[in-house]
Amino acid sequence: MHKTTRIAACAAALLMAATVMADDAKLAKGPVKIYLLSGQSNMTGRGNQGDLKKPAADQKASLVRFIMEPQNVEKYKFLYKDDGKKGLTWTVRDDVFITMGDWPHDGKADHGKHGGLGMNYGGFRNRGFGPELGIGHALGDFHDEPVLLVKASYGASSLGGDLRPPSSGGQVGDKYPLVVKALKEAIEHLPEIVPGYQKETGYEIAGFFWNQGEHDASENFAPEYETNLANLIKDLRKEFNAPGMKAVIAVTGYGGWGNTNAGLKKVQEAQLALPKRPEFKDNVATVETRDFYRSQEKFGGNNQGIHWNGNGESYWLMGEAMGKAMVDLWKK
């Protein structure tokens with residue numbers, strides 16, 4: 001090899017090594033901030049992302065339609081990029097990561113997956129998206145440290161039964177141990193999930209997001225919802241020795257302000273009451289979501305009559321608000 005060529009090759013190798021070290025250093029600034037996301041199907045997510053390569057106006061109930069509205073274009077440009085020949089593609093963050101499903105992660109949809117935060121971490125065969133998208137962008141913009149979202153949510157689950165925490169007495173819900181297991185497995189596999197993760201830098205169980213309520217809107221479960229949710233937060237803090245773990249709760253808002261179901265009202269009142277408890281002052285927040293409901297008649301949707309009609313705008317606004325609420329707790 002010619003001397004000049006060797007020098008150029010060495011320089012390129014050094015530059016590449018420096019770049020890798022810089023990337024790892026970026027991810028190793030401090031402990032990985034781990035956030036647990038749990039609840040039922042509205043946390044899992046049914047949001048319609050839409051197709052960036054098709055006219056936005058033709059895609060009712062999609063995130064594409066929402067972010068391409070004239071008043072929103074500049075605000076949400078960070079959600080996508082021009083990938084040359086491929087055209088517009090969704091952004092995948094390199095400082096916020098997500099994991100979902102049981103290990104091992106072999107790429108099959110039924111085993112879940114992990115990677116940089118982007119689209120297709122929704123609940124229907126890993127398509128679409130849920131609140132994790134807005135949550136992750138808000139947290140990634142706030143934290144200097146890398147962020148990991150651990151998503152463990154289960155459709156048609158009640159807090160009074162399926163997710164019942166130990167402190168509530170009676171039979172512990174069969175889904176509660178699965179939530180604990182998901183977080184423990186994520187911690188175990190941190191080196192695989194977060195590039196540049198170093199054991200010396202460590203991690204912090206930073207927060208908990210909760211989006212659930214429909215299956216407790218009954219005579220049996222609604223009256224104890226506030227107690228059960230308070231116990232869930234306390235039990236998870238104890239389970240992971242994380243007394244400082246902050247929590248953000250989404251009001252169960254499907255149907256908007258026009259949904260006057262008596263059982264649902266009790267659940268909503270309980271969700272709004274949690275931050276008012278003395279032990280939860282400045283470390284628990286509730287996010288109002290009823291303003292984010294978009295009717296099927298006006299905005300289109302999936303015709304299911306549930307899951308916010310699959311409206312991508314609703315799921316984005318919900319997640320964005322939850323993420324901002326968590327940031328506000330940190331600022332306090």
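Note on LYS60: aspartates and glutamates with a C-alpha under 14 Å away, same-chain residues under 8 apart excluded, are ASP51, GLU69, GLU297, GLU313. Ordered by the count of other Cβ atoms within 10 Å of each Cβ, fewest first, ASP95, ASP174 give ASP174, ASP95. Amide H contacts under 5 Å for ALA247: PHE208, VAL284, ALA285, restricted to partners 5 or more places along the chain or on a different chain, H placed in the peptide plane at 1.01 Å from N.
With the charge dipole of the chain set up from +1 on Lys and Arg Cβ and -1 on Asp and Glu Cβ about the Cα centre, the Cα lying farthest toward the positive end among the listed residues PRO104, GLN212, GLY134 is that of GLY134.
Amide hydrogen proximity for LEU148: with H placed 1.01 Å from N in the peptide plane, the residues at 5 or more positions away or on another chain lying under 5 Å are LYS33, ILE34, TYR35, PHE97.
Under the convention that each Lys and Arg Cβ holds +1 and each Asp and Glu Cβ holds -1, the size of the dipole of region 83-230 around its Cα centre is about 540 debye. Relative contact order of the chain: 24 percent, from C-alpha pairs under 8 Å at least 6 residues apart in sequence.
In a simple Cβ point-charge model (Lys, Arg +1; Asp, Glu -1; nothing else charged), the chain has a dipole of about 600 debye relative to its Cα centre. Our coupling estimate for region 49-63, obtained by passing each phi through the Karplus curve with A = 6.51, B = -1.76, C = 1.60 and θ = phi - 60°, is 7, x, 10, 5, 8, 10, x, 5, 4, 8, 10, 4, 6, 9, 5 Hz, Gly and Pro reported as x. Within region 146-218, the trypsin sites (Lys or Arg not before Pro) that combine a DSSP coil assignment with at most 12 other C-beta atoms in a 10 angstrom radius are LYS199.
Look at the dipole of region 31-331 built from charges on Cβ: of VAL32, ALA270, ASN311, the Cα furthest out on the positive end belongs to ASN311. Residues in region 90-100 carry Karplus couplings, in order, of 6, 5, 10, 6, 10, 10, 10, 10, 9, 9, 8 Hz; the curve used is 6.51 cos²θ - 1.76 cosθ + 1.60 with θ = phi - 60°, and Gly or Pro positions show x.
Build a GNM of the chain with springs between Cα atoms under 10 Å: which of GLU226, GLU269, GLU74 gets the top mean-square fluctuation? Looking only at GLU226, GLU269, GLU74, the biggest GNM fluctuation is shown by GLU74.
So how do 254-266, 58-70 stack up, highest first, on mean other-Cβ count within 10 Å?
Highest to lowest by the protection proxy: 58-70, 254-266.
Electrostatic bookkeeping for ILE135 treats Lys and Arg as +1 and Asp and Glu as -1; over the other residues with beta carbon under 15 Å from its beta carbon, the sum is 0. Fully extending the segment from LYS54 to TRP103, taken as 0.36 nm per residue of separation minus the present Cα-Cα distance, adds 14.1 nm. Can you give me the distance in nm between label points at GLU204 and ASP94, each placed 7 Å from the Cα along the Cα-to-Cβ direction? Label at GLU204, label at ASP94, 2.5 nm between them.
Taking Cα atoms only, the orientation of helix 132-142 departs from the longest principal axis of the chain by about 60 degrees.
Any idea what diffusion coefficient region 31-331 gets from Stokes-Einstein, in µm²/s, Kirkwood Rh on alpha carbon pairs, 20 °C, 1.002 mPa s? Roughly 111 µm²/s, to the nearest whole number.
Computed 3J(HN,Hα) for region 82-87, one whole-Hz value per residue from the Karplus formula 6.51 cos²θ - 1.76 cosθ + 1.60 where θ = phi - 60°, is 8, 9, x, 4, 6, x, glycine and proline marked x. Just add up the charged neighbours of LYS33: K/R +1, D/E -1, any other residue whose Cβ is under 10 Å from the Cβ of LYS33. Residues near LYS33 contribute -3 overall. Placing unit charges on each Cβ (+1 for Lys and Arg, -1 for Asp and Glu) gives the chain a dipole about its Cα centre, and among TYR176, ALA230, THR91 the Cα reaching farthest toward its positive end belongs to THR91.
Tell me the net charge near GLN59. Cut-off is 12 Å between Cβ atoms, GLN59 excluded, with +1 for each Lys or Arg and -1 for each Asp or Glu. Spelling it out: positives minus negatives among the neighbours equals 0. Taking all Cα pairs closer than 8 Å and separated by 6 or more residues, the relative contact order of region 37-84 comes to 23 percent.
With r as the distance between the Cβ atoms of VAL172 and ASN72 and R0 = 45 Å, compute the FRET efficiency 1/(1 + (r/R0)^6) and round to 0.05.
Calculated value: 0.55.
Loop-located GluC sites (Glu not before Pro) in region 170-223 (DSSP state not H, G, I, E or B) with no more than 14 neighbouring Cβ atoms inside 10 Å: GLU200, GLU219. Indicate, rounded to the nearest 5 percent, the antiparallel portion of the DSSP beta bridges found entirely in the chain. Approximately 25 percent, going by the DSSP bridge assignments.
Every number here is computed from the coordinates shown, using simple stated rules; none is lab data. Fair warning: this is a prediction, and the values are worked out from it, not measured in the lab. All Cβ positions, even for glycine, are placed from backbone atoms using ideal geometry, and neighbour counts span all protein chains on display.
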